[in-house]
1. Here are some conditions: (1) over 21 Å from B:Pro62 (Cα atoms); (2) in contact with a helix residue (DSSP H, G or I) (Cβ under 7 Å, 6 or more places away or on another chain); (3) at pLDDT below 90. B:Gly129 meets all but one. Which one does it not meet?
2. Report the residue count in the range B:272-315 for those that are within 28 Å of A:Thr151 (Cα to Cα) and touching a residue at least 60 places away in the same chain (Cβ under 8 Å).
3. Look at A:Glu66 and say whether it is of a type in the set (Asp, Glu) and either in contact (Cβ under 8 Å) with a residue 40 or more places away in the chain or more than 10 Å from chain B (Cβ to nearest Cβ) (or both).
4. Somewhere in the range B:201-213, is a residue out of contact with any Asp or Glu (no Cβ under 7 Å at 6 or more places or on another chain), of a type outside the set (Ser, Thr, Tyr) and modelled with pLDDT under 85?
5. Determine the pairs where a residue that is more than 7 Å from chain B (Cβ to nearest Cβ), located within the range A:78-106, has a partner that is of a type in the set (S, T, N, Q) and part of a helix (DSSP H, G or I) with Cβ atoms under 7 Å apart, the partner being 6 or more residues away or on another chain.
6. Report every pair of residues separated by at least 6 positions or lying on different chains whose Cβ atoms are under 7 Å apart, first residue within the range B:192-206 and within 23 Å of B:Glu75 (Cα to Cα) and in the same structural domain as B:Leu88 (by TED's automatic domain parsing), second modelled with pLDDT of 90 or more and among the small types (Gly, Ala, Ser).
7. Sort through A:Ala109, A:Ala156 and tell me the only one that's under 30 Å from A:Val7 (Cα atoms), within 11 Å of chain B (Cβ to nearest Cβ) and part of a helix (DSSP H, G or I).
8. Which ones in the range A:72-99 are under 17 Å from the mean Cα position of the chain (by Cα) and over 15 Å from B:Gly279 (Cα atoms)?
Amino acid sequence: MIRLAQVSKVFNQGRHNEVRAVRDLSLELDTRGITVFKGPSGSGKTSLLAMIGCLSRPTSGRIHLEGRLISNLPERFMTAVRRDTFGFIFQRFNLIRGLTVLENVMLPAYPLAPAPSTLRDRALDLLRQFHLAERANNQAEWLSGGEAQRTAICRALINRPRILIADEPTANLDSQLSRELLALIGDLADQGKGVLISSHDPLVFDHARVSRVVELRDGRLA
Amino acid sequence: MRALLRRQRYLLDYSLSSLARRPGKHLALLLVYTLIVFLLASTLLFTQSLRREAALVLAESPELIVQRLLAGRHELMPADYLHRLGRLRGVSESYGRLWGYFYDPAVKANYTLLVPRQDPPAPGDVILGTGVARARGLGVGDYLSLRSARGEPFSFKVAALLEADTELVASDLILLGPEDFRRFFAFPADRYTDIVLRVPNPSEVRKVAEKIALALPDTRPILREEILRTYDALFGWRQGVVIVLLTGALLAFVIFAFDRAAGLSAEERREIGILKAIGWETGDVLRMKFWEGAALSLTAFLAGYLLAYVHVFFFAATLFAPVLKGWAVLYPDFSPLPFVDGLQVATLFFFTVFPYTVATIVPIWRAAITDPDQVMR
């Protein structure tokens, strides 16, 4: 269970360009199934996911994960929670150019320092599972949009996280690839992973596998 | 412990791939860095080997040289002083030396003319230092023509050339017989240039020098260790001058390195953001960048030092020799003995790698503390 209590996020606080992305939001989320945050651009979806995923801290309010307060941890512990609990799929994939697909997938595990052969086998297993085995040694920038998205999913899964966070995952995909992606995400949810998605794409929030839709507007629940 | 080492290995792997992915930027830095190490290492290696070479050659020189002074200037030594000095306790041997300087207007160079104690050349013969032979274009069997201070012409047959391994201190030397020397300089028959004393026991050398100063107050004893110290100071001073000049280059390099590190490209900043977002700590990013800098520094240091070693010991320090060796015209042409001093390597390492690390750490740290949520926006 993820519990948010009166969470706010303010950027550039006290300056002329202050932005209140999330306002006093309280919410409880199941860590199983697929939850979609929908809303127009600027509604606070990404900021909310970033706070839940320990990428940033709320300006005020608290976030608990399975009863543990995670919103005010020091950077080092916050990173550990992020690394062990969450896997991220970014809107622009954010693969590192110049590295191979295999190296990109293995990257999140480097700080945990598993045995090299174990890590390599685990990454290759994931690539096989997502039909990318033959692309393992290709440079990330040579991949098509769909392949890059699947590589990003493999990377998100390398540390075996309990929860996947996907920020606008279909924004750079056509309808066919979007459906394929949603099927893959559905499979992961079936395997017991919790999935949190931010999207304003009807293909996503109207999808049959989605268990809950949370609508946001102007940083509040709509 | 194993996990810690593995973690460093992963970070090092990533650093090396990161260096390879931006060859243009890193190659320029590597080249400048290598050049700086090369210049500094060449200076240090060459000066060190000059000192060592001079010390080796002077090791055979006498423990004490006694000169006479008149009005504070070097004056010729009366021959009867030889007998008085030879009787001092601790002195095993004493002999007078004949030597002097001669300016040769033909090649605008100063020669040192010396009568060797053992096996002096036969009358009419000379043995030349290689510098003199080069300057006058002479070989064995040729004739060296000089006009003495009184304007008389002299012609000497070149009987031999001095060995190249003494060239550092004997480049400008002309060896000749005592009669030729006295005739050439119109040198009085009852005089020597100075007197040499052999004192076998090193602990007695200073005591003997004190006795000389008391017994013959118009003389000046010169100890071998003083000559060595003078050489040391001279080469040290020359090294200092070159290093001061190179400090400017080192400073320019530090600014260059800072500029390079501060100017992290948008791509590099984005990469750091991604690494943090997928679970790397700030410390991991710093350690990765540390390995990147260490790989670059060590490569530049090793390459620069190796090039300097080749430059000094295989090409006789072609770039710096005129400044560091001295000699107005007759530059000695010698190949220094390969020699590496551990402390010197450590000092050079500190003065090149440390400034680079300090110059780059702050800009990298500023990039590494970027909020990871930047990559989501």
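The values are calculated or read from the model by the stated rules, or taken from the named source; none is laboratory data. This one's a predicted model, so the numbers in the text were calculated from it and none came from an experiment. Heads up, the Cβs are rebuilt from the backbone with ideal geometry, glycines too, and the neighbour counts pull from every protein chain shown.
1. Failed condition: (1).
2. First, pick out the residues of the range B:272-315 that are within 28 Å of A:Thr151 (Cα to Cα): B:272-289, B:291-292.
Adding the requirement that they be touching a residue at least 60 places away in the same chain (Cβ under 8 Å) leaves B:272-274, B:276-277, B:282, B:284-289, B:291-292.
So the count comes out to 14.
3. Yes, satisfied.
4. Within the range B:201-213, one or more residues are out of contact with any Asp or Glu (no Cβ under 7 Å at 6 or more places or on another chain), of a type outside the set (Ser, Thr, Tyr) and modelled with pLDDT under 85.
5. A:Phe93/A:Gln149; A:Leu95/A:Asn104; A:Leu95/A:Thr151; A:Val101/A:Thr151; A:Asn104/A:Thr151; A:Val105/A:Thr151
6. Correct list of pairs: B:Tyr192/B:Gly96; B:Thr193/B:Gly100; B:Ile195/B:Gly96.
7. Within the list A:Ala109, A:Ala156, the selection yields A:Ala156.
8. Listed by number, the residues that qualify are A:Gln91, A:Arg92, A:Phe93.
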